[in-house]
1. Which residue pairs have Cβ atoms closer than 6 Å, lie 6 or more positions apart in sequence or on different chains, and pair a first residue in segment 28-51 that is of a type in the set (S, T, N, Q) with a second residue that is assigned to a helix (DSSP H, G or I)?
2. Which residue pairs have Cβ atoms under 6 Å apart, sit 6 or more places apart or on different chains, and have a first residue in segment 64-75 that is closer than 11 Å to Gly24 by Cβ and a second that is not basic (Lys, Arg)?
3. Counting only residues that are surrounded by 15 or more Cβ atoms within 10 Å (Cβ to Cβ) and among the aromatic types (Phe, Trp, Tyr), which one in segment 51-104 is nearest to Gly19 (Cα to Cα)?
4. Out of the residues in segment 26-67 meeting the condition of being among the hydrophobic types (A, V, I, L, M, F, W, C) and not in a helix (DSSP H, G or I), tell me which one is nearest to Leu84 (Cα to Cα).
5. Considering segment 8-46 alone, what residues qualify as being loosely packed, with under 10 Cβ neighbours inside 10 Å and farther than 24 Å from Leu88 by Cα?
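Bear in mind that the values in this text are calculations on the coordinates, not laboratory data. Fair warning: this is a prediction, and the values are worked out from it, not measured in the lab. Cβ: placed from backbone, ideal geometry, glycine included. Neighbour counts: every protein chain shown.
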Amino acid sequence: AGGGRMLDKFRKWYYNAAGFNKLGLMRDDTLDEDDDVKEALKRLPEHLYNERVFRIKRALDLSLKHQILPKDQWVKYEEDHPYLEPYLKEVIRERREREAWNKK
């Protein structure tokens, strides 16, 4: 159990060291937009997509101003949930299925 706690502490430290949370971004907001991610974004419910767009626009604005959010507005490690992951997994599974089918 001690090793697990240590790993969790490291994950939290690394999460904060990455810095995207200080701009109000979540981990899934930082994914490179390849074809799979673009397709997953199309499948997001509208409210999740709009929240993502807001976070990204705010982060761009802060970045241009060389500012970060006040500490109480940073995204906390515990609050960052992989909102895009289920859609992305589905897209990747479908693509692999198509690729396997096309090889036949």
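1. Cβ pairs passing all conditions: Thr30/Phe20.
2. Between residues of segment 64-75 that are closer than 11 Å to Gly24 by Cβ and residues that are not basic (Lys, Arg), the close pairs are Leu69/Gly24; Trp74/Asn21; Val75/Asn21; Val75/Met26.
3. Within segment 51-104, the subset surrounded by 15 or more Cβ atoms within 10 Å (Cβ to Cβ) is 51-52, 55-56, 58-59, 62, 68-69, 74-75, 77, 80, 83-84, 87-88, 91.
Of the ones still in play, those that are also among the aromatic types (Phe, Trp, Tyr) are 74, 77, 83, 87.
On the way: Trp74: 9, Tyr77: 11, Tyr83: 19, Tyr87: 25 Å.
Within segment 51-104, the match that is nearest to Gly19 (Cα to Cα) is Trp74.
4. We begin by selecting, within segment 26-67, every residue among the hydrophobic types (A, V, I, L, M, F, W, C); these are 26, 31, 37, 40-41, 44, 48, 53-54, 56, 59-60, 62, 64.
Then drop every residue that is not not in a helix (DSSP H, G or I), which leaves 26, 31, 44.
Numbers: Met26: 10, Leu31: 10, Leu44: 7 Å.
Filtering first and then ranking leaves Leu44.
5. Ala17
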